[in-house]
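Structure first, then comments.
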C-alpha cells in the first residue's frame, strides 16, 4: 500500500495496507498540509526489518496506538519497545473493543430500536472519548522532531476520527477530509477479503467506510459542538496546543 513521505515519494509496505501521510491536502486559505509530520496507518504488527528501517528513515519518532489493551495483548508490535521511538497507548474505546461494540449494540437497540451503524460509533467517540482524544492531541503536539504515526487496528475508524480532527484544525475543506477517509475502503479491501470469513456476520457491516459516514460525523460535530476548536477545548486541548498542532500541520506561507 502506498502513502507519501515528506518529499512526496511513495511509501510501499507489504505488511501495512492503510498507511498514508496527512500531507498535501489543500486548505481554505491556499496553503497545504505538510508532509512528514503526521502519518496514519493500520496497526504495524507484522513489520519486517526493511519496513522498520523505512519508518525510522522518515523518521518516525512517535507512535500513538489507539487500540484497546485487549487488542494490544493479542497483537503487540516492535515499535512499542524501540529506543528511537516514543510509544504511547491511548485507547479511544475502553479496555476491550469487543465489549465496547456489544455495549454499543445493546444501548442503541434499547434507545433506537435498531442496530447501530459505524457512524454511531464515531458519534459515540466524539461524545464519550473526549479525555482520550485530548491526550492524543497533547502527545501529537509535542516539540520533538520527526513524524508522528497514529494507528488503530485497521486504520480507518479511530484513526479516521483523529485524522479528521487534525485536518479540520488545519482548515482543510470537508470534501477533502471525506475523500481521505474513504481511501481506507479501497486500501483495506484486499485484506478484508482474506479475513471476512473470520468476522461474525453481524459485525461485517463495520468493515466499510462509505463517504456518508464521515459526512454525518462532521455534521454531528458542527451541530453539537460548533467548530473543531470548540470541540477540542471541550477535550482539554488549549488554544496554545491547537496553535502548535496547526504549526506542525501546515506549510509556511
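The values are calculated or read from the model by the stated rules, or taken from the named source; none is laboratory data. All values derive from a computational prediction rather than experimental measurement. Every residue, glycine as well, gets a Cβ built from its backbone with ideal geometry; the counts of neighbours run over all protein chains shown.
The conditions are (1) at pLDDT 95 or above; (2) surrounded by fewer than 19 Cβ atoms within 10 Å (Cβ to Cβ); (3) within 23 Å of residue 209 (Cβ to Cβ), and residue 14 fails exactly one of them. Which is it?
Only one criterion in (1) at pLDDT 95 or above; (2) surrounded by fewer than 19 Cβ atoms within 10 Å (Cβ to Cβ); (3) within 23 Å of residue 209 (Cβ to Cβ) is unmet by residue 14, namely (1).
Residues that are more than 22 Å from residue 160 (Cβ to Cβ): which helices (runs of 4 or more DSSP H) entirely in the stretch 41-149 hold 1 or more of them?
49-57, 69-74, 97-112
Run residue 233 past the list (1) under 27 Å from residue 16 (Cβ atoms); (2) buried (at least 16 other Cβ atoms within 10 Å of the Cβ); (3) modelled with pLDDT of 95 or more and report the number of the one that doesn't hold.
(1)
What is the number of the single condition among (1) within 17 Å of the chain's Cα centre (by Cα); (2) at pLDDT below 90; (3) assigned to a loop (DSSP other than H, G, I, E, B) that residue 3 does not meet?
(3)
Can you confirm whether the stretch 26-34 contains a residue that is more than 23 Å from residue 124 (Cβ to Cβ), within 20 Å of the chain's Cα centre (by Cα), in contact (Cβ under 8 Å) with a residue 40 or more places away in the chain and assigned to a loop (DSSP other than H, G, I, E, B)?
yes
Among 52, 22, 47, which is under 26 Å from residue 175 (Cβ atoms) and either buried (at least 24 other Cβ atoms within 10 Å of the Cβ) or free of Cβ contacts under 8 Å to residues at least 40 places away in the same chain (or both)?
Details: 52 fails: under 26 Å from residue 175 (Cβ atoms); 47 fails: under 26 Å from residue 175 (Cβ atoms).
Just one listed residue meets the conditions, 22.
Quick test of your reading of the structure: residue 91 fulfils all but one of (1) within 14 Å of residue 152 (Cβ to Cβ); (2) free of Cβ contacts under 8 Å to residues at least 60 places away in the same chain; (3) over 15 Å from the mean Cα position of the chain (by Cα). Name the failing condition by number.
(3)
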